[in-house]
1. Let a ≥ b ≥ c be the square roots of the eigenvalues of the Cα gyration tensor of segment A:112-155; is it rounded (a/c under 1.5), or, if not, prolate (a/b larger than b/c) or oblate?
2. Given the pairs A:Lys67/A:Lys95; A:Lys72/B:Lys72; A:Lys72/B:Lys67; B:Lys67/B:Lys95, which are separated by over 22 angstrom at their Cα positions?
3. What ranking of B:Ser57, A:Ser136 comes out by heavy-atom accessible area, probe 1.4 Å, highest first?
4. So if R0 is 22 Å, what FRET efficiency would A:Val32 and A:Thr100 give, r being the distance between their Cβ atoms, rounded to the nearest 0.05?
5. Relative contact order for segment A:1-104: what percent, with Cα pairs under 8 Å and sequence separation of 6 or more?
6. Mind running the shape call on chain A? Use the C-alpha gyration tensor, a ≥ b ≥ c as the square roots of the eigenvalues: rounded below 1.5 for a/c, prolate if a/b tops b/c, oblate otherwise.
7. Would you give the gap between the C-alpha center of segment B:98-115 and the C-alpha center of segment B:1-47, rounded to a whole Å?
8. Full-extension gain between A:Val122 and A:Ser66, please, as 0.36 nm times their residue separation minus the C-alpha to C-alpha distance.
Protein chains: 2
Amino acid sequence: MPDADPPGWELPLLLFAGFRTLIDQLHAELAVRGHPDVRPVHGFAMQAVGIHGASASEIGRRLGVSKQAAGKTVDRLTAMGYVERVDDPRDARSKLIRLTPRGLESLRLSAEIFERLRAGWVEQLGADRVRLVESSLRTVIPAVGYPVDVPGWFG
Amino acid sequence: MPDADPPGWELPLLLFAGFRTLIDQLHAELAVRGHPDVRPVHGFAMQAVGIHGASASEIGRRLGVSKQAAGKTVDRLTAMGYVERVDDPRDARSKLIRLTPRGLESLRLSAEIFERLRAGWVEQLGADRVRLVESSLRTVIPAVGYPVDVPGWFG
DNA sequence: ACGGTTTGGACAACCACGTTGTCGATCCTA
DNA sequence: TAGGATCGACAACGTGGTTGTCCAAACCGT
């Protein structure tokens, strides 16, 4: 006879704890490697900027937030030196947001760290179980491309 | 030869998407059942209040935030009618925060909905895989009792 | 080519959630 | 009983959201 199932409310807590663990470890490592001031939301925003750059409105759409909110985040990333605003030669209304070399470096670093963190899970759980967790989650979430307006969503 | 592993950055995204899916479904159902104004952060806060009530400072410690932040959240929950402040008979400095019947009802409802949501995962994945996801996450997260200062943590 | 509609970005006002610092009142303890 | 710790309240602030307004530029149908 199997053990009783855990209560339903534990599942979201475990998922969040897993997410938070990874993000915290990422930023601890980023801090050591010269990026102590980036916050989780900045990483998502830079991901939305992308290698080719984007307008503030487009970034807002990718993040699932208003263009005004995206503009504010871009302001802060600009002040931190991770992105820059340049005039869009093809649209006089628009400013193109581009990652600076520092921004690109932080993205490259993040990808590398995430790879190592996943490898750590594989060490603890085995490759099969990690893949199983990933595929299970993929089948159970309705669609990819989730909005990442976490602070506003949660509170 | 097995398929290539997904990139490391996908794992946190999947965990977050799973968490968000559950929380969104919970609140959609709570809204239908008479609690349209509760936000995720309120649920966590009421959980911290607990059945026996607690002081604002204690709630802050349980949530991993300052007593001032906890006090503000209690203010909003009070205005919404989910908790009430009463004088603590054993400590004239302290106010005891207690769940109102409405607050208790929302907690009871949430537990019931989480149970059904987990059952939905079991339908899609099978009981074994859901248990495997849960146990995998338990082994990989450093400890239970995570702070839930999500908005401030993320941004 | 023109005129109406859509779009981009700036600005303002506002809200929610977090922080630190201060303060008086109360409690605990040496 | 004196001193230190803790409670709640208040203030000021930072950050991440929202809506609404505005102008200029782009787009599109006639």
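1. Since a/c reaches 1.5 but b/c is at least a/b, the shape of segment A:112-155 is classed as oblate.
2. A:Lys72/B:Lys72; A:Lys72/B:Lys67
3. B:Ser57, A:Ser136
4. Efficiency computed from Cβ-Cβ geometry: 0.60.
5. Computed value for segment A:1-104: 20 percent relative contact order.
6. prolate
7. Comparing the Cα centres of segment B:98-115 and segment B:1-47, I get a distance of 18 Å.
8. Gain on stretching A:Val122 to A:Ser66: 16.4 nm.
The values are calculated or read from the model by the stated rules, or taken from the named source; none is laboratory data. Just so we're clear, the structure is a prediction, and the values are computed from it rather than from any experiment. Reconstructed Cβ throughout: ideal geometry from the backbone, glycine too, with neighbour counts over all protein chains shown. Side chains included, ligands, DNA and RNA excluded: accessible areas come from the protein's heavy atoms. Shrake-Rupley method; radii C 1.70, N 1.55, O 1.52, S 1.80 Å.
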